[in-house]
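What follows is a short report on a single structure.
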Ligand SMILES: Cc1cc2nc3c(=O)[nH]c(=O)nc-3n(C[C@H](O)[C@H](O)[C@H](O)COP(=O)(O)OP(=O)(O)OC[C@H]3O[C@@H](n4cnc5c(N)ncnc54)[C@H](O)[C@@H]3O)c2cc1C
């Protein structure tokens, strides 16, 4: 783990409240992150905030952050101008991709997208592409949808990619109405050996419980919640 600084080099609004932020961090050459790990911003004394990497290179990393209007930390990060330098610690966390050549299912909501996307990129980088991959992803409504092109692109890299997208609070052609956990039925999960979950504590709890009900051992379930 490095205690270092990083500079905001690019900022893009993905939706009305979700931002893609890219930072340069030359120190990363000293310790490469693993897909699924996170950075902790030290914003002020007593004000630390963690964010999963959605992508990284040898000297940059990308975040997908929801700006919580009444939040203490996320507005400081999302409102910052390109060129702003932050302090923090990277890489952190144990929610990492297992580099096994077995089928994997990724289930997430909202900005829980970030580590799951990074893990799927990690599979591509390690040439773990000739196995079943599912990405079950949900947001609330149409205005919350982001990264559709990126998901389509990554899907093409896997021999067999099942992408199921959900909207919990509205209906739209091409999207299922409901919760990502609705997808967890015996028939759907039977093709997958490992399960990676990321989203709200309620979503992760419900997904874990359903998976365990269907006999998936806890050793095959990996999760992060925020
Ligand atoms: C390991 C880890 C990885 C994380 N990765 C990401 C990530 O990739 N992207 C990301 O956006 N966040 C991520 N988070 C969450 C992030 O660390 C902050 O908790 C979040 O940005 C809110 O911080 P804040 O200071 O703005 O709000 P706070 O000041 O902490 O909270 C203000 C109020 O907003 C509410 N609130 C907090 N979060 C949300 C939310 N998401 N939606 C609605 N209300 C909320 C709180 O309950 C509180 O009432 C991660 C957290 C952890 C622990």
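A few notes on this one:
- Counting the residues of segment 170-185 that are on the phi < 0 side of the Ramachandran plot, under 21 Å from the mean Cα position of the chain (by Cα) and either crowded, with 19+ Cβ neighbours inside 10 Å or not in a strand (DSSP E or B) (or both) gives 7.
- Any hit, segment 30-48, residues being more than 8 Å from the ligand (Cβ to nearest atom), out of contact with any strand residue (DSSP E or B) (no Cβ under 9 Å at 6 or more places or on another chain) and within 27 Å of residue 151 (Cα to Cα): no
Residue by residue, here is whether (1) within 16 Å of the ligand (Cβ to nearest atom); (2) more than 25 Å from residue 53 (Cβ to Cβ); (3) not in a strand (DSSP E or B) holds:
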| position | (1), (2), (3) |
| --- | --- |
| 187 | no, yes, yes |
| 195 | no, no, no |
| 198 | yes, no, no |
| 202 | yes, no, yes |
| 206 | no, yes, yes |
| 212 | no, yes, yes |
| 216 | no, yes, yes |
| 219 | no, no, yes |
| 224 | yes, no, no |
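- Strands (runs of 3 or more DSSP E) wholly inside segment 80-146 that include at least 2 residues being more than 14 Å from the ligand (Cβ to nearest atom), more than 18 Å from residue 33 (Cα to Cα) and without any contact (Cβ under 8 Å) to a residue 60 or more places away in the chain: 132-139
- Selection status of residue 64, outside any loop (DSSP other than H, G, I, E, B) and touching a strand residue (DSSP E or B) at 6+ places or on another chain (Cβ under 9 Å): yes
Values in this text are rule-based calculations from the coordinates and carry no lab data. Keep in mind the model is a prediction, meaning the values are calculated, not measured. Note that we place each Cβ from the backbone using ideal geometry, even for glycine, and neighbour counts take in every protein chain shown.
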